[in-house]
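Below: one structure, written as structure tokens.
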Amino acid sequence: MTRRRYVQINGELVEYGDHVADRVAPMVMPDIGEYRSMVDGSIISSRSKHREHLHRHGMEEIGNETKHMLKPYEGIPDCNPAGRKELIRAQIDAMSHAEFKRAIRRDVERVKWQSRED
């Protein structure tokens with residue numbers, strides 16, 4: 001089976017270039033490159049050694065997921081947007097003057113550093 005490619009010229013589709021045959025061969029993933037373990041400094045040179053190394057040290061491989069990094073909010077009720085404003089107001093009221101000043105100073109520093117990165 002072949003695929004045909006088209007280009008639009010002046011509102012009309014025109015066949016473009018040679019026909020490209022669909023791939024019928026299986027795709028093969030190459031072995032991983034050699035790397036040094038951050039756990040014990042050993043050299044890992046294949047996928048099987050990588051899997052065995054993870055198992056031996058009780059580690060788990062994860063991809064690009066960041067879901068595991070998010071900590072669930074414990075003890076804070078999920079409330080509607082109007083309720084959030086009241087919740088924030090109550091938390092600020094419960095802070096001492098020194099705690100409030102520290103929080104403001106920390107936020108100002110965070111904004112300074114973030115604005116330098118842009």
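The values are calculated or read from the model by the stated rules, or taken from the named source; none is laboratory data. If you're wondering where the values come from, they're calculated on a predicted model, not measured in any experiment. For neighbour counting, all protein chains shown are included, and Cβ atoms are generated from backbone atoms with ideal geometry for every residue, glycine included.
Evaluating Glu99 against the criteria (1) of a type outside the set (S, T, N, Q); (2) in a helix (DSSP H, G or I); (3) at pLDDT below 90 leaves one unmet condition, (3).
Determine whether Glu65 is closer than 30 Å to Ser37 by Cβ and either part of a loop (DSSP other than H, G, I, E, B) or modelled with pLDDT of 80 or more (or both). Considered against the rule, which asks whether it is closer than 30 Å to Ser37 by Cβ and either part of a loop (DSSP other than H, G, I, E, B) or modelled with pLDDT of 80 or more (or both), Glu65 comes out as yes. From the list Asp22, Asp40, Asp18, which residue is acidic (Asp, Glu) and at pLDDT 85 or above? Result: Asp40 is the single residue among Asp22, Asp40, Asp18 that is acidic (Asp, Glu) and at pLDDT 85 or above.
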